[in-house]
Amino acid sequence: MHSEHASLFAAYHHLEPVEPGMVMARVSCVMAKNLLTLVRPDTELDAVVAGALQHSAREAIDLPVVGDMVLADSRGEKTMVVEVLPRRNILLRKSVVKDLQAQAIAANVDVVFVITCFGPDFNLRRLERYVLAVRACGIECTILINKADLVEPAEIDELLEEIRGILGNVPIHAVSAHTGRGMDGLGAYATSGQTICFIGSSGVGKSSLVNALAGEEVMATSHNRHWDGKGRHTTTMRQMLFLPGGITVIDTPGMREFAPWIMDESQVSLAFDDLEELAAQCRFGDCTHTAEPGCAVLAAVDDETLDANRYEAYLKLVEQTRELQQRRTLRGITERKQREKSSSKALRKHLANKGRR
């Protein structure tokens, strides 16, 4: 890591430990559950997550993730990560295994590039889920549609118009990693000190775009299968790359499923800021935007200034959020009763044993 990549360290300077052997570092790779690679402005370290940190974590997202700033103890045979420092933000998705849990993708990110491509694998609904998930985390999001060299300009314009109608004011760029088309437009994001996270399905050309952004080959790439246009996994783990000019990139494996992780309805507002602006004009402050008179959101749908698909996506996400909150509440009640039952059982056993003495 060169000095131009170390701007995030400056923001955490007040937390730099003074105790000998304790260091502040950034997680650049998570190779296994507890095996990490850390970077400092002048060195790279292999590390493991300390047992105390593992046991104190209430859930998986409390453990170190790529992009985290951490404190590590390097005094023993192994460097041990002992604390995750406060995150500026964290990119989450709903776990594909346990739907009541979140999965962390990356932390302390300035912008997320959601990558898709022109071709048979383009899926607008999937792209919508990616964008909603990113914006719900309060992180700036930009869509890159790769392989623009494979389609006609008229087709590009038509697709961009359709996407803007559904996804609102999210920046969109049609690019080609192969020819360099549109890459100049990324200069506003790719500035020194920025951390960019790349997400998208397999085969959309994330690795090729990283190479194009770097101006050299820093990542291996693979060709799509010729019969269906789908790609093979090139990136196999989340990892941090340091590009010329001070740009830090977090590359991720292809993910076809990327459902938003919404803790409460305030995060829905982050994903649908255009609807929230309309909602401020509704007659009633508690308008649900479903049947009330004087609803500015419904009026916008009727006069087609708000895309009906985007409105339906909003209602669906609100419904899913409320359902998830109810399920979390029920799970919390069940877990509390189980803890109380276990505590009572342990107390009865203790008293019984005491009575035999």
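Only sites in a loop by DSSP and with at most 14 other Cβ atoms within 10 Å count here; which GluC sites (Glu not before Pro) in region 35-143 make the cut?
Taking region 35-143 and a limit of 14 other Cβ atoms within 10 Å, the loop GluC sites (Glu not before Pro) found are GLU59, GLU77.
Show the residues, 5+ positions off or on another chain, whose built amide H is closer than 5 Å to the amide H of TRP261.
Counting only residues 5 or more places away or on other chains, the set is LYS94.
Using θ = phi - 60° and the Karplus form 6.51 cos²θ - 1.76 cosθ + 1.60, what ³J(HN,Hα) does each residue of region 60-67 get, whole Hz, x for Gly and Pro?
Taking θ as phi minus 60°, the curve returns 4, 6, 7, 7, x, 10, 4, x Hz for region 60-67.
Under a Cβ-Cβ cut-off of 12 Å, what is the net charge of the residues other than ARG181 that fall near it, where Lys and Arg count +1 and Asp and Glu count -1?
Once positives and negatives cancel, what remains is -1.
Would you calculate a helix-derived [θ] at 222 nm for the chain, using -39,500 (n - 2.57) for each DSSP H run of n ≥ 4 and dividing by the full residue count, to the nearest 500?
Calculated at 222 nm, the ellipticity per residue is -10500 deg cm²/dmol.
Which of the helices in the chain meet the span-like rule: DSSP H, Cα axial reach of 20 Å or more, Kyte-Doolittle mean at least -1.0?
153-167
Between ALA259 and ASP273, what is 0.36 nm times their sequence separation minus the Cα-Cα distance? Round to one decimal in nm.
3.2 nm
Translational diffusion coefficient, Stokes-Einstein: compute it for region 68-163 using the Kirkwood radius over C-alpha pairs as Rh, at 25 °C and 0.890 mPa s, and state it as an integer in µm² s⁻¹.
Stokes-Einstein gives a translational diffusion coefficient of 151 µm²/s.
Over all alpha-carbon pairs in the chain, figure out the percentage whose distance exceeds 40 Å.
24
Percent of Cα-Cα pairs per 10 Å bin, from 0 to the last occupied bin, for region 1-139, please list those.
Going out from 0 Å in 10 Å bins, region 1-139 shows 11, 37, 31, 16, 4, 1 percent.
Which ³J(HN,Hα) values, rounded to whole Hz and listed in residue order, are derived for region 71-77 from phi using the Karplus coefficients 6.51, -1.76 and 1.60 in 6.51 cos²θ - 1.76 cosθ + 1.60 with θ = phi - 60°, glycine and proline given as x?
9, 10, 9, 9, 7, x, 5
For LYS78, LYS206, write out the residues from largest to smallest accessible area, computed with a 1.4 angstrom probe and no ligands counted.
If we order LYS78, LYS206 from most to least accessible, we get LYS78, LYS206.
If you count, for each residue, the other Cβ atoms within 10 Å and average over each peptide, how do 61-72, 297-308 line up from highest to lowest?
Going from most to least packed, we get 61-72, 297-308.
Got a number for carbon plus sulfur as a percent of the chain's accessible area, 1.4 Å probe?
Heavy-atom surface of the chain belonging to carbon and sulfur, 1.4 Å probe: 50 percent.
With every protein chain left in place, what is the accessible area per residue of the chain in square angstrom, probe 1.4 Å?
52
Looking only at chymotrypsin sites (Phe, Trp or Tyr not before Pro) in DSSP loops with at most 14 other Cβ atoms within 10 Å, what is the longest site-free stretch of the chain?
By the stated rule (loop sites, at most 14 other Cβ atoms within 10 Å), 1-226.
Would you mind computing, in nm to one decimal, how far apart the modelled labels at ALA32 and LEU330 are, each placed 7 Å from Cα along Cα→Cβ?
Here the answer is 3.8 nm between the modelled labels.
With no other cysteine's Cβ closer than 4.7 Å, which Cys residues of the chain count as lacking a disulfide-compatible partner?
CYS29, CYS117, CYS137, CYS141, CYS197, CYS295 - these cysteines have no disulfide-compatible partner (Cβ-Cβ under 4.7 Å) in the chain.
Rounded to the nearest 5, what % of DSSP beta bridges with both residues in the chain are antiparallel?
60
The values are calculated or read from the model by the stated rules, or taken from the named source; none is laboratory data. On a predicted model such as this, the values are computed, not experimentally measured, just so you know. In this analysis, Cβ positions are derived from the backbone assuming ideal geometry, glycine residues included, and neighbour counts consider all displayed protein chains. Note: accessible area is taken over every heavy atom of the protein model, side chains too, but ligands, DNA and RNA are not part of it. Shrake-Rupley method; radii C 1.70, N 1.55, O 1.52, S 1.80 Å.
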